[in-house]
Amino acid sequence: MHVYPSELVALISERWGPPPEEEGETAIGVLPGKGALEHLISTCYQVSMMREEDRSVTLRIILAPPSVFPPDQGPPKGFLRLLFDTPRPFNEYELRRLSPAVDFERSLIAIEPHPERGFQIWGVVNSGIRWLQQERGGNKKTNRLPAAFVVHVTGPGMLTICRGLSIVVNLSGGRLLESAANAFHSNWMNRLFAPGRQAAIDQHELFRASVLYPVARIEEEFIENLQFQLLKRVLSVTRMNRHGGTFIIFPSVDPPELATDNPPILLKYRFQKDEAVQRQQQLLVRTIRLATTALGDINNPDRVVSWRDYVNLRHESAVYDLEEGLYEQAQFVASLASVDGAVVTTSRGPLGFGGMIVGSLNKLTEVAIASDAEGKMVSLTKIEGYGSRHRSAYHLCNALHDALAIVVSQDGNVQLAKWRNGIVTCWDLTSQMFIAET
């Protein structure tokens, strides 16, 4: 079912919530009237369908007065706001012309209402790219946007409405994508990789017992965040490469399904099993040891280190080295997807690439598209409308129930597939689903 601006306005108003009471009607984050809001969204939708010098128009818009942004600040810890000497009209043609100069990742077009002229573009706000850490991974402190009305225009018919960085509504091709359908936040995925996290915790406890200096304990959530950060970076780099790719992830270190005489995946380029293949695991272990050693306390030997504790270790130069190492690992794994075929990986790192998924698709005719994280609310769809890359991933998940498949399309769309509740279930993910207040 397609959603139109009037319907979207009603949904936004329902989900928005009240403004801060202490600031009254002038508070940042107060929604404009129904007609004005519908005009704002309709304009953004129209510009999303345009092209500028043969490129899709992408941009971010924030509804906030200049006074919100002090004139003496700027990235990476603040926002640099630049005022036009004369406000510009807010319409799709002006937005299209501005878009090449206002990089989606680094800046926003700033607007405010005028009592007679409607919305006006008063200038631009340079935010820097730290806000993208929620999508792409990273541990630097984010300069948070005020809780204002923000629109991300990311492609034809693709709008994300936010309150600051918090997603309110996600529209893709005129259809709603609920952030609640983010499978990475599901209980089933948490359970799928729980044995690997427990193994890391057990290994860390052995390390703590083997040294004479104080080393803190580690939260399981810390390890989960660390793994998720790496995966987000791999998917982000693959999306930016605009080639697309398929990633097959096994929760076990040595998948027995790949050791048979007739494996369901034929790896053209298989890596030898030596220490180099475990580089990813080594980086994770080193990060855990760095955080727990730096925060170890002889007076509190059972202190437990959280992800937030690690983020606050920005002053440690070793943190930057590990961050760079993890980023390079993500770049490397993502580059493997540029070769035709699937990248096959485990929690320890890639096993190989150029994987061809073999077998017949005749037994699989439809998959379930999930509208919630757990895959309980689904709608069935025929697979004949999908490309060969997607259909191959569905077939593999139908054959190997432990395998997790992630398909990145050339247009940047991401879909996750997994056998759930007796059927191959798929989750459509947008990059904006990874962006949220943390």
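The values are calculated or read from the model by the stated rules, or taken from the named source; none is laboratory data. Note that the coordinates shown come from a computational prediction; the quantities given were computed from them, not determined experimentally. Cβ coordinates were reconstructed from backbone atoms using ideal geometry, including for glycine residues, and neighbour counts include every protein chain displayed. What goes into the accessible areas is simple: the full protein's heavy atoms, side chains included, and nothing from ligands, DNA or RNA. Shrake-Rupley method; radii C 1.70, N 1.55, O 1.52, S 1.80 Å.
Summary table below
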quantity: Residue under evaluation S392, criteria (1) polar (S, T, N, Q); (2) open to solvent by less than 30 Å² (accessible area, probe 1.4 Å); (3) under 15 Å from T246 (Cβ atoms), criterion not met; calculated: (2)
quantity: Any chance S127 is modelled with pLDDT under 90, open to solvent by less than 20 Å² (accessible area, probe 1.4 Å) and in contact with a Leu (Cβ under 9 Å, 6 or more places away or on another chain); calculated: yes
quantity: Residues of region 1-48 satisfying the condition of being more than 19 Å from Q120 (Cβ to Cβ), assigned to a helix (DSSP H, G or I), at pLDDT 65 or above and small (G, A, S); calculated: S6, A10, S13, S48
quantity: Residue list for region 238-248, restricted to those being crowded, with 20+ Cβ neighbours inside 10 Å and of a type in the set (A, V, I, L, M, F, W, C); calculated: F247, I248
quantity: Condition check for F332: within 24 Å of the chain's Cα centre (by Cα) and open to solvent by 60 Å² or more (accessible area, probe 1.4 Å); calculated: yes
quantity: Residue check for I61: at pLDDT 85 or above, farther than 20 Å from Q120 by Cβ, in contact with a helix residue (DSSP H, G or I) (Cβ under 8 Å, 6 or more places away or on another chain) and open to solvent by less than 40 Å² (accessible area, probe 1.4 Å); calculated: no
quantity: Where a residue in region 214-235 is modelled with pLDDT of 85 or more and its partner, wherever it lies, is of a type in the set (A, V, I, L, M) and surrounded by fewer than 18 Cβ atoms within 10 Å (Cβ to Cβ), with Cβ under 6 Å and at least six apart; calculated: P214/I298; R217/V304; E219/V304
quantity: Residues (touching a strand residue (DSSP E or B) at 6+ places or on another chain (Cβ under 7 Å) and touching a residue at least 60 places away in the same chain (Cβ under 8 Å)) located in region 378-410; calculated: R389, S392, A393, L396, A403, L404, A405, I406, V407, V408
quantity: Top-ranked residue in region 179-200 [being open to solvent by 30 Å² or more (accessible area, probe 1.4 Å) and polar (S, T, N, Q); ranked as nearest to the chain's Cα centre (by Cα)]; calculated: S179
quantity: Residue identified as over 20 Å from the mean Cα position of the chain (by Cα), of a type in the set (A, V, I, L, M) and open to solvent by 60 Å² or more (accessible area, probe 1.4 Å) among A276, A318, A342; calculated: A276
quantity: Residue check, L361 surrounded by 14 or more Cβ atoms within 10 Å (Cβ to Cβ), more than 18 Å from the chain's Cα centre (by Cα) and at pLDDT below 90; calculated: yes
quantity: Residue match in region 89-102 (condition: touching a residue at least 60 places away in the same chain (Cβ under 8 Å), buried (at least 18 other Cβ atoms within 10 Å of the Cβ) and part of a loop (DSSP other than H, G, I, E, B)); calculated: no
quantity: Cross-chain or 6+ apart pairs with Cβ under 8 Å, region 70-87 first and part of a loop (DSSP other than H, G, I, E, B), then surrounded by fewer than 15 Cβ atoms within 10 Å (Cβ to Cβ) and among the polar types (S, T, N, Q); calculated: F79/Q73
quantity: Answer residue from region 276-319, given it is hydroxyl-bearing (S, T, Y) and assigned to a helix (DSSP H, G or I) and is nearest to E221 (Cα to Cα) among those; calculated: Y310
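Yes or no, residue by residue, for (1) open to solvent by less than 40 Å² (accessible area, probe 1.4 Å); (2) more than 16 Å from Y213 (Cα to Cα); (3) touching a strand residue (DSSP E or B) at 6+ places or on another chain (Cβ under 8 Å):
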| residue | (1), (2), (3) |
| --- | --- |
| P251 | yes, yes, yes |
| P255 | yes, yes, yes |
| K268 | no, yes, yes |
| Q280 | yes, yes, yes |
| I288 | yes, no, yes |
| T292 | yes, no, yes |
| L295 | yes, no, yes |
| N299 | no, no, no |
| R308 | no, yes, no |
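To keep it simple, each residue is scored yes or no on (1) over 18 Å from N187 (Cα atoms); (2) at pLDDT below 90; (3) β-branched (V, I, T); (4) surrounded by fewer than 19 Cβ atoms within 10 Å (Cβ to Cβ).
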| site | (1), (2), (3), (4) |
| --- | --- |
| L351 | yes, no, no, no |
| S409 | yes, yes, no, yes |
| V424 | no, no, yes, no |
| W427 | no, no, no, no |
| F434 | no, yes, no, no |
